[in-house]
Amino acid sequence: MEFYDVVNARRSIRQFEDKEIPRDVLARILDAGLKAPSSNHQRRWELVTLTEKPLILELAELIKPYPCRIQEPKTPQQEMFKIAYPRQRSMIEESACVILPYFKQKYPLSEDKNGYGLMDYGAVWALIENMLLAATAEGVGSVVHIPVKKEPQQIKEFLNVPDGWGLPALVVLGYAIKDPLLPTQVKATIENKVRWNKW
């Protein structure tokens with residue numbers, strides 16, 4: 001796919017076929033992530049990559065599915081809530097691969113006064129976006145789950161991750177089912193989101 005076709009085609013997919021992703025495809029997706037820019041050119045990342053189904057299912061048990069009381073969505077955000085919230089666990093259960101992009105957290109975000117903590121945090125999101133785009137280029141569906149509440153600590157213990165590593169999101173990959181549920185996209189265009197030379 002051409003780059004701009006990939007950018008326009010990327011969507012968050014939360015329903016997957018029961019189908020493995022070939023290792024060479026995963027290697028290209030992971031490599032694309034590792035090519036992202038990073039703070040001080042350090043690339044302080046470790047990508048824990050789960051492809052064994054029993055491990056993925058065990059990880060999924062740590063993720064809470066959120067109920068959604070919205071029956072008739074009136075906005076794209078409500079439509080996303082209705083689709084995404086109840087599928088936080090099942091999308092992981094159905095996936096073929098879960099990548100956990102840990103970054104060395106030198107400065108805690110909760111206590112950061114000078115913005116340094118955002119450097120490594122921002123860099124790992126560049127890595128994540130590279131993987132999402134690479135997955136799209138490979139014909140692989142993708143979505144992220146941001147761990148909340150007790151999930152980061154439970155996942156850390158499950159994977160025996162040493163102290164000092166942060167996990168901003170889980171990158172969930174798989175081949176999309178036919179006609180997966182997709183919320184309406186909020187329109188973000190040059191005309192309605194870009195301000196030239198001043199606010």
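List of remarks:
- Calculated FRET value between K113 and R195, using beta carbons and R₀ = 35 Å, to 0.05: 0.75
- Loop-resident trypsin sites (Lys or Arg not before Pro) (DSSP state other than H, G, I, E or B) in the stretch 159-194 with no more than 11 further Cβ atoms inside 10 Å of their Cβ: K178, K187.
- Taking every Cα-Cα distance in the chain and sorting them into 5 Å bins from zero, the calculated P(r) comes out as 1, 7, 14, 17, 19, 18, 14, 7, 3, 1, 0 percent.
- The GluC sites (Glu not before Pro) of the stretch 1-77 meeting both criteria, a DSSP state outside H, G, I, E and B (loop) and at most 14 other C-beta atoms within 10 angstrom of the site's C-beta, are E2, E17, E20, E52, E61.
- Three-way shape call for the stretch 158-199 based on the alpha-carbon gyration tensor, with the a/c threshold at 1.5: oblate
- The calculated FRET efficiency for I177 paired with K150, based on their beta-carbon distance and R0 = 25 Å, is about 0.25.
- Whether the stretch 24-124 is rounded, prolate or oblate, judged on the alpha carbon gyration tensor where a/c under 1.5 counts as rounded: oblate
- Where only DSSP H runs of four or more residues are counted, the chain gives -11000 deg cm²/dmol as its mean residue ellipticity at 222 nm, each run worth -39500 (n - 2.57).
- Evaluating 6.51 cos²θ - 1.76 cosθ + 1.60 at θ = phi - 60° for every residue in the stretch 69-80, the Karplus couplings come out as 8, 6, 8, 10, x, 10, 9, x, 5, 5, 5, 5 Hz, glycine and proline recorded as x.
- Straight-distance candidates among the lysines for linking to K64, with alpha-carbon spacing under 29 Å and chain neighbours fewer than 8 residues away dropped: K19, K53, K74, K82, K104, K106, K149, K150, K156, K178.
- Taking a point 7 Å out from the Cα of R23 in the direction of its Cβ, the residues of the stretch 45-61 whose backbone N falls within less than 20 Å of it are 47-56.
- Surface exposure of the chain, expressed per residue as accessible area with a 1.4 Å probe, stands at 62 Å².
- Solvent-accessible area of the chain (1.4 angstrom probe, protein heavy atoms only): carbon and sulfur portion equals 53 percent.
- Sequence-distant residues sharing a close amide H with W165 (under 5 Å, placed H): Q105
- The modelled label-to-label distance between K187 and R69, using points 7 Å beyond Cα along the C-beta direction, is 3.2 nm.
The values are calculated or read from the model by the stated rules, or taken from the named source; none is laboratory data. As the structure is a computational prediction, the values presented were derived from the model and not from experiment. Ideal geometry is used to build each Cβ from the backbone, glycine not excepted, and the neighbour counts take in all protein chains shown. Quick note on the areas: whole protein, heavy atoms, side chains included, nothing else; ligands and nucleic acids left out. Shrake-Rupley method; radii C 1.70, N 1.55, O 1.52, S 1.80 Å.
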